[in-house]
């Protein structure tokens, strides 16, 4: 990088450093923006039916959590807030999964 706007070598050198610092900062910020965008994109699903977490089936009084293959036939209780069985099953599943890794 060359910078020869001023008559003084010191002023040219200082200006070149300032420009270089600004370009490096821009490059770092752009890298961070790209990484953030990539992270966000990986967290957002496509909305496909295969990504569903839980299904509530009213005619059959059934709730299915697809992450752990848990099916309960107590939809009314679950909708009233009695979800301890689901929470316990999820906790057990994810603890076991973390131990295996």
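What about residue 61, is it over 24 Å from the mean Cα position of the chain (by Cα) and at positive phi?
The answer is yes for residue 61.
Is it true that some residue in region 16-35 is surrounded by 10 or more Cβ atoms within 10 Å (Cβ to Cβ) and at pLDDT below 90?
yes
The values are calculated or read from the model by the stated rules, or taken from the named source; none is laboratory data. In this text the structure is predicted, and so the values were computed from the model without any measurement. Glycine also receives a Cβ, built like all others from the backbone with ideal geometry; neighbour counts cover every protein chain displayed.
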